[in-house]
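Please read the structure below before turning to the comments.
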There are 2 protein chains.
Amino acid sequence: MTRTLAIGCAARPWARNGTMTSAHRPRLLRATPPLPYLGFCFPVPRSPFPLSQKAMPSLLYAQSGGVTAVINATASAVIQAARSHRVPVLAAKNGILGALREELIDTTSLPASTAKALAHTPGGAFGSCRYKLKSLDADRAKYERLLAVLREHDVRWFLYNGGNDSADTALKVSQLAAEFDYPLACIGVPKTVDNDLAVTDACPGFGSAAKYTAVSVREAALDVAAMADTSTKVFVYEAMGRHAGWLAAAAGLAGRTPDEAPHLILFPERAYDEADFMSRVRAVVERVGHCVVVASEGIRTADGTFVADAGGGKDAFGHTQLGGVASHLAGRVKDVLGYKVHWALPDYLQRSARHIASETDLRQAQAVGRKAVEYAMKGMNAVMPVIVRLRDRPYRWTVKPAPLTDIANVEKTMPAGFIREDGHGITEAARRYLEPLVRGEAPPPYGRDGLPRYVTVPRQCIDKRLPEWDG
Amino acid sequence: MTRTLAIGCAARPWARNGTMTSAHRPRLLRATPPLPYLGFCFPVPRSPFPLSQKAMPSLLYAQSGGVTAVINATASAVIQAARSHRVPVLAAKNGILGALREELIDTTSLPASTAKALAHTPGGAFGSCRYKLKSLDADRAKYERLLAVLREHDVRWFLYNGGNDSADTALKVSQLAAEFDYPLACIGVPKTVDNDLAVTDACPGFGSAAKYTAVSVREAALDVAAMADTSTKVFVYEAMGRHAGWLAAAAGLAGRTPDEAPHLILFPERAYDEADFMSRVRAVVERVGHCVVVASEGIRTADGTFVADAGGGKDAFGHTQLGGVASHLAGRVKDVLGYKVHWALPDYLQRSARHIASETDLRQAQAVGRKAVEYAMKGMNAVMPVIVRLRDRPYRWTVKPAPLTDIANVEKTMPAGFIREDGHGITEAARRYLEPLVRGEAPPPYGRDGLPRYVTVPRQCIDKRLPEWDG
């Protein structure tokens with residue numbers, strides 16, 4: 001079966017949002033059947049042209065949402081794998097917005113050494129964004145603009161590196177492309193320090209943030225233990241995790257016995273009760289001499305109020321006071337129990353700490369990048385390469401494709417069996433799950449200046465061919 | 001010249017604070033001239049007894065003030081060097097308080113592997129404290145109690161590992177011992193992340209905290225740069241440094257050009273002016289797209305008010321709000337400029353991050369420990385091993401003794417030539433000074449659990465022989 005899709009006909013969605021111009025010369029696309037949402041379909045023929053010539057289909061790679069210590073390792077793997085297939089990679093500047101704005105970075109000019117060095121560089125080399133596309137109905141014009149850009153640059157493979165929302169966007173783009181018979185393979189590539197993606201055993205980015213958390217808590221706890229006799233008795237560490245306590249749980253790896261830090265973990269999965277918390281803190285201080293608390297930023301009281309919201313607000317001068325959970329808890333411990341307190345808020349440090357990345361995490365981030373390209377080259381569509389755990393001890397894993405329909409907009413919560421019965425620590429099951437994810441070191445190379453040799457990628461974009469996006 | 005000091009006679013200071021008991025049997029000390037405050041004097045004869053026998057003079061080692069990532073490396077070097085001299089080391093539990101309370105840890109039972117592993121363990125293995133002894137007149141009873149404990153345990157060498165205050169205490173103890181003809185060599189051993197000790201080129205502990213700071217700022221800045229288009233535009237990192245901006249200056253190593261982070265550094269050496277700061281932040285955001293600010297915790301307005309004190313206070317419920325400089329600045333940027341902000345407060349993480357220790361710093365921490373023992377064995381008194389910089393490039397350094405009188409209670413400030421003319425960055429001179437201090441990596445060994453293999457030392461004390469200290 002062959003069909004032709006004439007641009008400029010009724011099936012010319014990109015004309016609808018007013019962006020259709022003479023730049024859109026009607027032309028014939030390669031005749032193909034529409035792509036199903038999942039599974040093997042048309043293997044897009046590999047281009048016979050060398051990389052330097054642009055007259056070949058491209059792969060578009062975009063980063064989405066909060067970046068991680070290893071998302072660039074995925075980017076690096078994508079670029080290198082695509083090069084081995086002689087497929088040019090365009091990278092969207094600042095995530096999906098770059099695709100909508102037609103701000104595309106041509107990675108074919110990146111030296112091989114830079115493409116490789118991305119594997120040890122944190123942040124998001126091409127820029128990421130927080131920008132959620134809604135349903136196809138609600139945001140149809142945007143989806144169609146996206147498709148127009150992809151089509152204009154002959155993008156046949158779209159790799160979207162992000163979390164739940166991005167999986168959903170990739171799925172919808174694949175649906176729209178199918179609707180218009182545009183031959184596009186959409187692959188979601190997993191990434192999030194929140195570890196809340198469904199189906200995959202773990203999310204690239206989480207393992208490194210988890211390792212940072214466990215190491216930092218272990219180190220700070222040694223400091224507190226040394227000084228507690230005359231100085232700080234209670235130390236509060238605030239971990240990311242608005243809805244799920246994955247990173248707070250990772251802190252639990254820092255100690256094994258009840259007397260080892262962290263002595264108390266506050267999970268968003270458990271209601272925060274101040275009186276109970278204070279009595280536990282006091283008991284730990286009396287038993288151990290000090291108390292290290294790890295709190296998820298998202299803990300809430302039984303009525304659903306975020307504890308972090310208790311602080312903050314405005315001060316006497318009407319100035320915004322930016323609070324946080326750790327600051328609030330520390331203040332309350334000081335008020336109620338009278339102990340000297342300190343607290344830490346690592347914020348972005350925890351998700352960008354490439355210097356203490358987990359080797360497992362790095363390898364998985366690279367593996368999903370490579371597999372995403374492999375799936376794309378095989379013509380698979382609307383899938384995500386996910387980590388499948390084969391064994392805990394010794395830890396064995398592999399990567400398999402999973403349909404985006406099972407992943408999009410689904411939030412994986414932490415199993416109840418991972419939180420200790422008293423609600424303030426982790427179980428052996430949690431430890432068995434978490435430990436392999438933080439295992440192994442993968443330090444970046446360091447320069448003579450004593451700092452990691454991270455690379456930056458010029459974010460210069462190729463010439464636009466479409467009118468400005470007015471979205 | 002020989003003299004005898006009969007315990008129980010008029011020169012029996014430890015009797016004055018009511019702690020004199022039958023445990024103090026009058027006995028003859030080795031007749032010696034009083035120790036001068038500096039220089040070679042009596043080489044205390046090395047004991048012919050093996051380590052297992054306690055009938056030999058001891059060396060007392062104590063940690064003081066805020067601990068660091070490498071103070072245990074100094075402890076490790078002290079213990080190992082003393083062992084090579086067959087000198088038993090007692091460690092005061094929780095610093096000078098342990099010496100006053102007669103809470104002494106016998107390190108001779110520490111396995112060699114543990115003594116060695118201390119070199120890669122952060123915190124203070126034997127405990128430290130914030131406890132300042134005042135002048136000899138004001139705190140005479142305490143000094144005499146200290147001398148009583150030293151004498152009771154036949155301590156002939158006292159190594160005090162700390163900052164200015166500790167150097168002063170070591171000096172005063174040496175003076176009192178001389179006054180009572182007690183043969184004691186007092187050696188100050190440098191340590192402080194504040195880098196504010198006089199004479200020494202750098203303070204062990206600073207280089208590792210500096211490396212942590214520069215690496216963390218470089219990493220977080222990559223994160224901010226990736227997200228700034230739709231998310232955080234201004235990121236504020238709070239560095240330790242109440243009086244001197246050494247650690248904030250170290251953050252300056254993260255970037256070289258005005259467009260590289262950190263874009264603005266706020267030093268305690270310069271008055272903070274909000275209007276000026278806001279205009280600079282806006283200019284950077286407009287030029288670069290985002291702005292990374294590093295602020296010393298100790299910055300003050302022109303009238304001397306700490307900026308950190310502007311936040312905090314009590315909230316509407318009368319609860320203590322613990323603020324900080326970063327939280328305050330971020331709140332003001334949000335209010336005044338309307339940018340999305342984030343901030344980080346690494347707190348103890350920055351001084352305990354042994355996992356990212358500087359190799360230079362580690363080697364210097366070990367060198368001052370070894371040298372302190374060497375000086376003690378040579379009978380030197382009231383000195384401190386200090387780092388002497390021989391060259392910047394290539395960096396060469398050595399350790400020499402300096403008199404405690406030149407160091408005690410003197411605070412080294414940051415040279416004015418280290419701060420850029422505009423007051424918000426570092427100069428080439430600062431870079432030349434700082435760079436070698438953060439150079440080199442010295443990662444700890446990691447376990448199968450993916451975490452650094454740090455050791456803890458049992459803090460069990462030997463039997464007390466003196467009455468309880470009632471200080």
A from B by rotation - nearest chain B beta carbon to the axis, in Å: B:L345, 2
Rounded tilt (10° steps) of A:274-288 against the dominant C-alpha axis of chain A: 60 degrees
Region A:355-441 - percent of accessible surface contributed by carbon and sulfur, probe 1.4 Å: 47 percent
Cβ-derived FRET efficiency at R0 25 Å, B:D137 paired with B:V388, nearest 0.05: 0.15
Average other protein chain Cβ within 10 Å of Cβ, residues A:447-459: 5
Burial order of peptide ranges B:64-76, B:109-121, B:80-92 (average beta-carbon count within 10 Å, highest first): B:64-76, B:80-92, B:109-121
Helix-only mean residue ellipticity at 222 nm for chain B, each DSSP H run of n ≥ 4 adding -39500 (n - 2.57), per residue, nearest 500: -9000 deg cm²/dmol
Solvent accessible area, Å² - B:K378, 1.4 Å probe, full protein context: 90 Å²
Distance (nanometres) between label positions extended 7 Å along Cα→Cβ at B:S109 and A:T413: 5.0 nm
Fraction of accessible area attributable to carbon and sulfur, region A:167-325 (%, probe 1.4 Å): 49 percent
Beta bridge orientation in chain A: antiparallel %, DSSP, nearest 5: 40 percent
Buried accessible area, chains A and B (both chains, 1.4 Å probe, Å² to nearest 100): 6600 Å²
Stretch gain in nm, segment A:K334-A:D470, where the contour uses 0.36 nm per residue and the Cα spacing is subtracted: 43.7 nm
Label-point separation in nm, B:T398 to A:R86, each point 7 Å along Cα→Cβ: 6.4 nm
Stretchable slack from A:R453 to A:R130, in nm (0.36 nm times residue separation minus alpha-carbon distance): 113.5 nm
Inter-chain shielding of B:325-333 (mean C-beta neighbours from other protein chains, 10 Å cut-off): 4
Neighbouring partner chain Cβ atoms per residue of B:210-221, average, 10 Å criterion: 6
Chain A - percent relative contact order, Cα under 8 Å, separation 6 or more: 22 percent
Under 14 Å, Cβ to Cβ, from B:D347 - net charge with Lys/Arg +1 and Asp/Glu -1: -3
Percent of beta bridges antiparallel (DSSP, the protein assembly as shown, rounded to nearest 5): 40 percent
Other copies of B:H85: label-to-label distances in nm, shortest first, labels 7 Å along the beta-carbon direction: 6.8
Average accessible area per residue (Å²) across the protein assembly as shown - probe 1.4 Å, nucleic acids and ligands excluded: 35 Å²
Interface residues, region A:73-111 - accessible area loss of 50 Å² or more versus chain alone, probe 1.4 Å: none
Stretchable slack from A:E428 to A:R256, in nm (0.36 nm times residue separation minus alpha-carbon distance): 60.9 nm
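The values are calculated or read from the model by the stated rules, or taken from the named source; none is laboratory data. Bear in mind that the values here come from a model prediction, so they are computed numbers and not experimental data. Ideal geometry is used to build each Cβ from the backbone, glycine not excepted, and the neighbour counts take in all protein chains shown. Quick note on the areas: whole protein, heavy atoms, side chains included, nothing else; ligands and nucleic acids left out. Shrake-Rupley method; radii C 1.70, N 1.55, O 1.52, S 1.80 Å.
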